[in-house]
Amino acid sequence: MIEPRLDNRPCGGRYADIVQAIGHTPLVELRRITPKPGVRIYAKLESYNPTGSVKDRVARAMIEDAEARGAIQPGQTILEPTSGNTGISLAMICSRKGYPLKVVMPDNVTEERTRLLKMYGAEIVYSPGEQGSNGAVAMALEMAEADASYYMPYQYGNPANPLAHYNGTAVEILEELDEVAAFVGGLGTGGTLMGCARRLKEEDPDTLIVAAEPLQGELVQGLRSLDDGYIPPILDLSLLDRKIFVSNRDAVVWTKRLLAEEGLFAGVSAGAIASIAARVADGLDDGNVVFVVPDDGWKYLSSGVYTRSLEELEGSLDSASFW
């Protein structure tokens, strides 16, 4: 069998510091989940970042922006609400730069996230798990208001968040593909969607920008429903062409499908996004559909998603404790 030609350059390079190695992630075609011969689905594998998630890009951009503006001083404590990945990314970068870090995180996230944060030296304050990331945001804002010594990058309202994708993620996609018919991102802080949307629309105004949004009341780790009461300040809904709802069940089904059919060991939010990418692809006659895989599956192993059958998981899918 003749191996297919390598269409693009491999990621990698030589860097003086781990922080500099953020980005440059591979774009991989997923041929088995593509519903039509004329459509190609590509996954941007953000697990290749140093701490294993897309949030490395955001954390670096926010800290470097704050340093450039003189908004933080050496040794100042950084405070940030997170569902896990942003906190882990900030913990790695803060440990390299000498900033103490305190994160506010729902108390029902997987044990792997807690352990990684502690390994990097972060202090954790837990918010009620049933309130999801909205509860973590509310608690962190109260803490920041009560103590002016904290600096809070605040990923939900920081322009450096979408700029990390405008100047990085989207540029890397355009370097590898001649055209992008559709881009699908998960609706979380809005940074990935907004940054990529602006850059991709500048390149081609006809590029379809689609958000994968959880059904109201369903907790898909890393994603949020706007109907649950909090709209991130950086989110500009006018940049979205469509929002498509996805359930916890579909997120789990597609997470397992990515592993079984494409060999892609991805986090649960990637399953949710992949399910919407396939739906979008099915509505096109031709072209490239790109979606971002925010992280890999290592932080979700204790959830049982990869080892338990869907039938065994069914009773947990509607429970906040599942995550």
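Coordinate-derived values only; no laboratory data. In this text, all values refer to a predicted model and were calculated from it rather than measured experimentally. When we count neighbours, we look across all protein chains shown, and the Cβ atoms used for this are built from the backbone with ideal geometry, even at glycine.
Comparing Gly217, Gly287, Gly98 in a Gaussian network model of the chain, where Cα atoms under 10 Å apart are tied by springs, the biggest mean-square fluctuation is seen for Gly98. Less than 5 angstrom separates the built amide H of Val104 from those of Glu80, Thr82, Val125, all sequence-distant by 5 or more or on a different chain.
Largest GNM mean-square fluctuation among Pro205, Pro50, Pro35, using the chain with Cα springs under 10 Å: Pro205.
For segment 175-182, putting each phi into the Karplus relation 6.51 cos²θ - 1.76 cosθ + 1.60 with θ = phi - 60° gives couplings of 5, 9, 10, 6, 8, 10, 6, 8 Hz, in residue order, rounded to whole numbers and with x for Gly and Pro. Sorting Ser303, Ser309, Ser95 from the fewest to the most surrounding beta carbons within 10 angstrom yields Ser309, Ser95, Ser303. Each part gets one Cα centre, and for segment 169-229 versus segment 39-114 those centres are 19 Å apart. Among the listed pairs Lys36/Lys256; Lys97/Lys256; Lys36/Lys299; Lys243/Lys299, those whose Cα-Cα separation exceeds 29 Å are Lys97/Lys256; Lys36/Lys299. Couplings for segment 13-23, taken from phi via the Karplus curve 6.51 cos²θ - 1.76 cosθ + 1.60 with θ = phi - 60°, read x, 10, 9, 7, 7, 4, 5, 5, 7, 5, x Hz in order; Gly and Pro are left as x. By the beta-carbon count within 10 Å of each Cβ, the least crowded to most crowded order of Met143, Met92, fewest first, is Met143, Met92. The smallest convex shape that holds all Cα atoms of segment 55-146, its convex hull, gives 86 Å³ per residue. Put simply, the amide H of Gln76, placed in the peptide plane, has no neighbours under 5 Å, leaving out anything fewer than 5 places away on its chain. As a proxy for reagent exposure, ranking Phe183, Phe265 by other Cβ atoms within 10 Å from fewest up yields Phe265, Phe183. Taking all Cα-Cα distances within the chain, those exceeding 37 Å account for 12%.
Distances between placed amide hydrogens fall under 5 Å for Tyr150 paired with no residue 5 or more residues away or on another chain.
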